[in-house]
Amino acid sequence: MREVTLRIDGAAVPCAVAPDGDGWMVEVGGQTVRLRVTVLEPGVALVETGDRSHLVHSATASGRTYLHVDGVTISYEAGATTRAADAAPSGEDRYLRAPMPGTVTQVAVGVGDVVRSGQALVVVEAMKMEHVLRAGRAGSVRVLHVRPGDRVDGGAVVAEIGPVGAGTP
Amino acid sequence: MRKVLIANRGEIAVRIIRACRELDLATVAVFAEPDREALYPRLADERAALGAADPRESYLHVGRLLDAARKTGADAVHPGYGFLAESAEFAAAVLDRGLTWVGPPPEVIARLGDKTEARRLAEAAGVPVVPGHGEPRASDAALVRAARRIGFPVMIKAAGGGGGRGMRRVDAAEELPAALVSARREAQAAFGQDALLLERHLDEARHIEVQVLADAAGALVALGERECSIQRRHQKLIEEAPSPFVGADLRARLERAATTVAAAAGYVNAGTVEFLVDANGQHYFLEVNTRLQVEHPVTELVTGVDLVKAQLRLAAGSRLLGADGILPEGRSYAARGHAIECRVAAEDPAHAYRPSPGPILTLGEPRGPGVRVDSGLRAGWRVPVEYDPMLAKVIVHAETRDGAIARMADALGRYVILGCQTNLEFLRAVVRHEAFGRGETSTRFLERHFAAWAGGPAGLAVATGAVFAVLGAEGTAGTGGAPAPPGEARAGAWDPWAQLGPWRMGAVDA
């Protein structure tokens, strides 16, 4: 279970998201929505709910995401996601964690590489789904704990990012 | 006539360019700075810059428009709607340069453009007008006396023009003096004259108009009615043809009244005669629009007549009737099926329809049987703040009104505009409303059923956004708020799709 807050029209909308079979279960506003997501191409995905399918279009500019599904368009800024049980302590953004148990399929950087905030570093596969882990801050890669093929636990630290220059071999 | 300058912008410029193409006429687009990258200049054969964003420096600047015509060798001017479309001075200036004006003669525009004059003309021709006071240059005292005579509520209107400016509904005598002052001020600012007229306010009225075509030889044909009752701020939002309220008898009366007024005015080219129709089916002349209407496509779909091509051909001297005429079916145009138009605007219906300009990051326009989209949009363009918020029109045609409503709801649901807030969801809610389905359209429809509308359920959209946010994960959102140019929007740091590249959840064939 992970919690995420979407800021829509100035209001904070808290959502709880959990894996559910090969899809997701989302609790929002007292409702539970079950959906499966299939990416068809950049900006277009198929969302399945029960026996209905919906095309989803999405685009992002200036940190705001615009999403259209089934005649409804919303725009939101996503707050930092937190695990329900342990909110990230200060400085947590230096740690790159696996969000769920899985297998590392790609490591896109090496120790000492300078990375920007949001850059894709590691890909973890879990439940037939691949999850791109991105740098939570700009800096340089200080430690890499995983290699492709490694199994990781949910919440495990896979990499650490430090200030540029520090810890670089 | 070989080359047409289109003195307009947006979706109507696109529409006119396409009609010119079909007639093998070359086109010249004119643009103010914010429209340099818009869709329509790209579609024209030539384009000419007008200048700054302010309409007075561009689309309303007669000298610059005529210069553009001279430099490009255009020999005709189509004014579209809005801007200078109903300016008798512009029409006269175009004709003075030896160019063809795609519209009625300037003296007809002037006669009908003054609402007081148009009202007197209709009255003199025996067409009923809304009870009221329409003396030219009526004083406040005369208007107050007239209001007392006809009874409240009353409508004050600017004699010099429409679009809701200078228009006030007044419910009680003590409110009238202040309303007259503010309406005069608004009318002066909008139209350069503060003349007002006053009419009884018709509650539960429908706004129904008749399309007419007239040639220079005096042939005059009415092409049925459009109902345009769904309005906000006295501006139309949804139009349809035929009207669910109009039967054969009322249609015949409206068409007769429309052609009577048009004939009395010496009308030539395409025009629209507007009426209010009360709950008893009594019709009252309102005004004549001496130009192409925004909502012309609903008439095109049910009659099969291309009104823009008709305008161009009439301007070039073609006849309406006869073997080479514009109307091969002669005078009888029974509507086939039902057509509805929705105006898509960059505005926020949940917040008093406030304009919401912005970039077009993603654009997906609906297509399919009976679905037409007249659009001025292009992905990568930014909707400017300076002009009308209307972006596009969705027009559908089906065998029945119910079929048209279902088709419209589906088409609106498939219209994807990301980056710039629009009224698409609102329009969909309106056409799906049961009162709309029953044809209970009146000018108070939105006020009655949608005054407190704040958006429909967005559960699926929010849930999907939440999943994307989790996939984005670990506070990686954003690039620090640096604005990304529209063309690079998808390369933004927190694009769920960019991140989702490697994701495959429940593959389609699973």
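The values are calculated or read from the model by the stated rules, or taken from the named source; none is laboratory data. No experiment lies behind these values; they were computed from the predicted model shown. As a convention, Cβ positions derive from the backbone with ideal geometry for all residues, glycine included, and neighbour counts pool all protein chains shown.
Residues that are over 30 Å from residue B:132 (Cβ atoms), of a type outside the set (Ser, Thr, Tyr) and under 21 Å from the mean Cα position of the chain (by Cα): does the range B:266-287 have at least one?
For the range B:266-287, residues over 30 Å from residue B:132 (Cβ atoms), of a type outside the set (Ser, Thr, Tyr) and under 21 Å from the mean Cα position of the chain (by Cα): absent.
Identify, from the list B:287, B:255, the residue that is touching a Lys or Arg at 6+ places or on another chain (Cβ under 6 Å) and more than 19 Å from residue B:311 (Cα to Cα).
One residue alone meets the criteria, B:287.
Considering only the range B:434-449, state which residues are surrounded by fewer than 16 Cβ atoms within 10 Å (Cβ to Cβ) and either in contact with a strand residue (DSSP E or B) (Cβ under 6 Å, 6 or more places away or on another chain) or not aliphatic (A, V, I, L, M) (or both).
Correct list: B:434, B:437, B:438, B:439, B:444, B:447, B:448.
If you go through the range A:66-79 one residue at a time, how many are part of a strand (DSSP E or B) and either of a type outside the set (A, V, I, L, M) or in contact with a Ser or Thr (Cβ under 8 Å, 6 or more places away or on another chain) (or both)?
9
For residues that are more than 8 Å from every other protein chain (Cβ to nearest Cβ) and assigned to a strand (DSSP E or B), scanning just the range A:1-14, find the one that is modelled with the lowest pLDDT.
Filtering first and then ranking leaves A:11.
I'm trying to understand the selection: among the residues of the range B:89-110, which are surrounded by 21 or more Cβ atoms within 10 Å (Cβ to Cβ) and in a helix (DSSP H, G or I)?
Once the filter is applied, which keeps residues that are surrounded by 21 or more Cβ atoms within 10 Å (Cβ to Cβ) and in a helix (DSSP H, G or I), the range B:89-110 yields B:90, B:91, B:94, B:106, B:108, B:109.
Looking at (1) part of a strand (DSSP E or B); (2) modelled with pLDDT under 90; (3) more than 7 Å from chain B (Cβ to nearest Cβ), which one does residue A:123 not meet, given that it meets all the others?
For residue A:123, the exception is condition (3).
Here are the criteria: (1) small (Gly, Ala, Ser); (2) touching a strand residue (DSSP E or B) at 6+ places or on another chain (Cβ under 6 Å); (3) buried (at least 22 other Cβ atoms within 10 Å of the Cβ). Tell me which single one residue B:53 does not satisfy.
Going through (1) small (Gly, Ala, Ser); (2) touching a strand residue (DSSP E or B) at 6+ places or on another chain (Cβ under 6 Å); (3) buried (at least 22 other Cβ atoms within 10 Å of the Cβ) one by one, residue B:53 breaks only (3).
Regarding residue B:187, is this residue over 24 Å from residue B:301 (Cα atoms), part of a helix (DSSP H, G or I), in contact with a Gly (Cβ under 6 Å, 6 or more places away or on another chain) and of a type in the set (Gly, Ala, Ser)?
yes
Quick one: which of B:258, B:219, B:252, B:214 is among the small types (Gly, Ala, Ser) and within 30 Å of residue B:137 (Cα to Cα)?
B:258
I need the full set of residues from the range B:111-120 which are charged (D, E, K, R) and either assigned to a helix (DSSP H, G or I) or free of Cβ contacts under 8 Å to residues at least 24 places away in the same chain (or both), in order please.
B:111, B:115, B:117, B:119, B:120
Considering every residue within the range B:225-239, establish whether at least one is surrounded by fewer than 22 Cβ atoms within 10 Å (Cβ to Cβ), modelled with pLDDT of 95 or more and in a loop (DSSP other than H, G, I, E, B).
no
Output the residues belonging to the range B:411-435 that are in a helix (DSSP H, G or I), farther than 17 Å from residue B:237 by Cβ and within 9 Å of chain A (Cβ to nearest Cβ).
Passing the criteria: only B:413.
Return the total of residues in the range A:21-69 being facing chain B (nearest Cβ under 7 Å), surrounded by fewer than 17 Cβ atoms within 10 Å (Cβ to Cβ) and among the charged types (D, E, K, R).
So the count comes out to 1.
So in the range B:380-406, with the set limited to residues that are within 14 Å of chain A (Cβ to nearest Cβ) and without any contact (Cβ under 8 Å) to a residue 40 or more places away in the chain, which one is nearest to residue B:242 (Cα to Cα)?
This residue is B:406.
Here is a check on your reading of the model: is residue B:360 farther than 20 Å from residue B:40 by Cα and of a type in the set (Val, Ile, Thr)?
So residue B:360 fails the test.
State yes or no: is residue B:266 surrounded by fewer than 24 Cβ atoms within 10 Å (Cβ to Cβ), touching a residue at least 24 places away in the same chain (Cβ under 8 Å) and either in contact with a Cys (Cβ under 7 Å, 6 or more places away or on another chain) or of a type outside the set (A, V, I, L, M, F, W, C) (or both)?
So residue B:266 fits the description; yes.
Need pairs with beta-carbon distance below 6 Å; first residue on the phi > 0 side of the Ramachandran plot and within the range A:108-121, second part of a loop (DSSP other than H, G, I, E, B); sequence gap 6+ or separate chains.
That search, which allows pairs on different chains as well, returns A:112/A:168; A:112/A:169; A:118/B:476; A:118/B:493.
Among B:367, B:372, which is touching a residue at least 40 places away in the same chain (Cβ under 8 Å) and basic (Lys, Arg)?
Unique residue meeting the criteria: B:372.
Sort out for me the strands (runs of 3 or more DSSP E) sitting completely within the range B:10-82 that have 1 or more residues that are closer than 21 Å to residue B:292 by Cα and at pLDDT 95 or above.
In the range B:10-82, B:26-32, B:76-78 are the strands (runs of 3 or more DSSP E) which contain 1 or more residues that are closer than 21 Å to residue B:292 by Cα and at pLDDT 95 or above.
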